[in-house]
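Structure first, commentary second.
The values are calculated or read from the model by the stated rules, or taken from the named source; none is laboratory data. These numbers were taken from a predicted model, which means no experiment stands behind them. Ideal geometry is used to build each Cβ from the backbone, glycine not excepted, and the neighbour counts take in all protein chains shown. When the accessible area is computed, the model is the full protein with side chains, heavy atoms only, and any ligands, DNA or RNA have been set aside. Shrake-Rupley method; radii C 1.70, N 1.55, O 1.52, S 1.80 Å.
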Amino acid sequence: MVQEKSCLEKINEVLEEIQWESVPLDVRTKAKECLADFVGVMLKGSENSLSADLRKALGEEPEHNPEDLALLLGSTGRMPDTDDGHRFAMAHPGVVINSTAIAMALHLQHVKGADLLKAIIKGYEMYCYEGRVINPGAYLKRGIDATSVCGGAAAAVVAGSLWGLDKQQLAGAISLAASLAGGLNQSAIDGSAQKYLVAGWGAKLGIACARMARENLGGPLHVFEGKLGYCNAFAPEPDEELLYHPRLNWDIRNVYIKRYACVRRIHATLDAISDIVGKTGLTPDRIKSVKVYGSQFLYNAGGYEPKDGAQAQTSVPYTVTLLLHFGRVEDGEVHAHLQDAGLAAYSHRIEVIKDPEIIALAEKDKSLWGAAKVRIETVDGTIYNGKQIIPYGDPELPFQEGIVEQKFLGMVENTLGKEKGEAIWARLMGLEQEDSCESVFQNVLKVL
């Protein structure tokens, strides 16, 4: 009798299918865009004082240790809350995967660009397998932040692939990372730096597990489906069909790119309001009230007067107020106006209301938890209505060509400047041609 393979063995076989020659062109392009987007967001995050505090905590030269460097890069890249995400796997794969890739490229040196991109694509596939299996229940019912809980194994795949681990060693790295992973989401409610540190922690964990697996230190074979394993710990309602039957999805295709510096659940609301304002030319003084209708998940983001950046990035009234007054929601405005009494008073014009239609929609398709209807009433009594089910930047509503580059150049303007930013973008877009890609990232680290 042939013994059934474990879920670990099955997902490891899926990862083996990913060879550079067989990677579709659009997947290669998306991997480069995700890496570039992370670099831009991370450099923007380096302007945050928390990034300087973290660097100080890690010591003078974290770049000499790939685990500490990945912790610094990943956490810094999370701070603006404009890093990529995945609507179905949930949370933020790219910030963990790309910080790991950069740290490993600098550590190993002479890494070919194509090999780096292949490792990144494998990392996204690993993350999305775990995330799709455990979410949304892990997030909504147990407060689990998949950024680290799924990111640890994804980072182990990236690091292990670049270290050249064999099949058994890579399985050990994945199993160790899945066994040791952790990360909670309470900071999304209470605030705190933990919201950002969890990303870098996943990257650090993954590299550490890959390092140990090189010496044949591994985790349990049935780490995912075992009675005392990953799914039992994190997932009240796991997707058992996917758990036991992983398949190659090229899931990086489903990664979204952000344009607002706040949690993704608010983006549909901001898109709907932005579309109305763009068509009508409404100014803040002409608006009497904004009612946002959504699911319970969106309603939970209806708090006023946030006390820190983490709370601000999770507040519908605050972010809508910023959008109406500045035409954007960027990291600088999010932090700069926390003590602005005038904006705080204005934010009370915005109300989040539970809506039966959106609740039913979200119950039918849990990936639509951020869908929203908006109703804007002006001071003269005119009513404008809008509705956004999926935010822009998701695969169904992709950004126009050039938007990701535009975002990148805006993010790096203060750190690299326009000319150097354009040069870095060009090299990242041609990364598969690089025989030794660490010089690209050495130029980036010079400004940290």
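Return yes or no: is residue 319 at pLDDT below 95, open to solvent by less than 40 Å² (accessible area, probe 1.4 Å) and polar (S, T, N, Q)?
It is false that residue 319 is at pLDDT below 95, open to solvent by less than 40 Å² (accessible area, probe 1.4 Å) and polar (S, T, N, Q).
How many of the residues in the range 413-441 are open to solvent by less than 30 Å² (accessible area, probe 1.4 Å), over 20 Å from residue 121 (Cβ atoms) and in a loop (DSSP other than H, G, I, E, B)?
Looking only at that region, the number is 2.
Sort out which residues of the range 274-283 are among the small types (Gly, Ala, Ser) and not in a loop (DSSP other than H, G, I, E, B), and write them in order of number.
274, 278
Return the total of residues in the range 179-209 being in a loop (DSSP other than H, G, I, E, B), touching a helix residue (DSSP H, G or I) at 6+ places or on another chain (Cβ under 7 Å) and open to solvent by 10 Å² or more (accessible area, probe 1.4 Å).
We begin by selecting, within the range 179-209, every residue in a loop (DSSP other than H, G, I, E, B); these are 181-183, 185-186, 191-193.
Narrowing further to those that are touching a helix residue (DSSP H, G or I) at 6+ places or on another chain (Cβ under 7 Å): 181-183, 185, 191-193.
Within this subset, residues satisfying the condition of being open to solvent by 10 Å² or more (accessible area, probe 1.4 Å) are 181-183, 185, 192-193.
Going through the range 179-209 one residue at a time, the tally reaches 6.
Let me spell it out: the conditions are (1) buried (at least 23 other Cβ atoms within 10 Å of the Cβ); (2) in a loop (DSSP other than H, G, I, E, B), and residue 328 meets all of them except one. Which number is the exception?
Result: residue 328 fails condition (1) only.
What residue, of 79, 104, 126, is surrounded by 24 or more Cβ atoms within 10 Å (Cβ to Cβ) and within 14 Å of the chain's Cα centre (by Cα)?
Just a single option satisfies the conditions, and that option is 79.
Which one of these is among the β-branched types (Val, Ile, Thr), assigned to a helix (DSSP H, G or I), in contact with a Ser or Thr (Cβ under 9 Å, 6 or more places away or on another chain) and under 22 Å from residue 302 (Cβ atoms): 359, 390?
359
Looking for something open to solvent by 70 Å² or more (accessible area, probe 1.4 Å) and either of a type in the set (Phe, Trp, Tyr) or more than 25 Å from residue 366 (Cα to Cα) (or both) - is there at least one such residue anywhere in the range 254-262?
Within the range 254-262 (the criterion being open to solvent by 70 Å² or more (accessible area, probe 1.4 Å) and either of a type in the set (Phe, Trp, Tyr) or more than 25 Å from residue 366 (Cα to Cα) (or both)), the answer is no, since none of the residues qualifies.
List the pairs whose first member sits in the range 102-129 and is in contact (Cβ under 8 Å) with a residue 60 or more places away in the chain, whose second member is part of a helix (DSSP H, G or I) and polar (S, T, N, Q), and whose Cβ atoms are under 8 Å apart, counting only residues at least 6 apart or on separate chains?
If the second residue must be part of a helix (DSSP H, G or I) and polar (S, T, N, Q), the pairs left are 106/442; 113/433; 115/161; 118/161; 120/98; 122/161; 128/254.
How many of the residues in the range 46-68 are in a helix (DSSP H, G or I) and of a type in the set (Ser, Thr, Tyr)? Show your work before the answer.
At the first step, the residues of the range 46-68 found to be in a helix (DSSP H, G or I) are 49-58, 62-64, 66-68.
Right, trim to of a type in the set (Ser, Thr, Tyr) and you get 49, 51.
Within the range 46-68, residues that are in a helix (DSSP H, G or I) and of a type in the set (Ser, Thr, Tyr) number 2.
Of 80, 93, which residue is at negative phi and at pLDDT below 95?
80
Restricting to the range 299-309, give me the number of residues that are outside any loop (DSSP other than H, G, I, E, B) and touching a helix residue (DSSP H, G or I) at 6+ places or on another chain (Cβ under 6 Å).
Adding up the residues that qualify gives 1.
Residue by residue, here is whether (1) open to solvent by less than 10 Å² (accessible area, probe 1.4 Å); (2) in a helix (DSSP H, G or I); (3) in contact with a Phe, Trp or Tyr (Cβ under 6 Å, 6 or more places away or on another chain) holds:
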site	(1), (2), (3)
226	no, no, no
236	no, no, no
248	no, no, no
267	yes, yes, yes
272	yes, yes, no
285	no, yes, no
288	no, no, no
291	no, no, no
311	no, yes, no
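Can you tell which of 119, 153 is assigned to a helix (DSSP H, G or I) and either open to solvent by 10 Å² or more (accessible area, probe 1.4 Å) or in contact with a Leu (Cβ under 7 Å, 6 or more places away or on another chain) (or both)?
Exactly one residue qualifies, and that residue is 119.
Yes/no per residue for (1) on the phi < 0 side of the Ramachandran plot; (2) of a type in the set (Gly, Ala, Ser); (3) modelled with pLDDT under 95:
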site: 20; (1), (2), (3): yes, no, no
site: 35; (1), (2), (3): yes, no, no
site: 38; (1), (2), (3): yes, no, no
site: 49; (1), (2), (3): yes, yes, yes
site: 61; (1), (2), (3): yes, no, yes
site: 71; (1), (2), (3): yes, no, no
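Taking the residues in the range 383-412 that are of a type in the set (A, V, I, L, M) and touching a Gly at 6+ places or on another chain (Cβ under 6 Å) as candidates, determine which candidate is surrounded by the fewest Cβ atoms within 10 Å (Cβ to Cβ).
Step by step, filter the range 383-412, then rank; the result is 409.
(1) without any contact (Cβ under 8 Å) to a residue 40 or more places away in the chain; (2) farther than 21 Å from residue 434 by Cα; (3) among the charged types (D, E, K, R): which one isn't true of residue 87, the others all being true?
(1)
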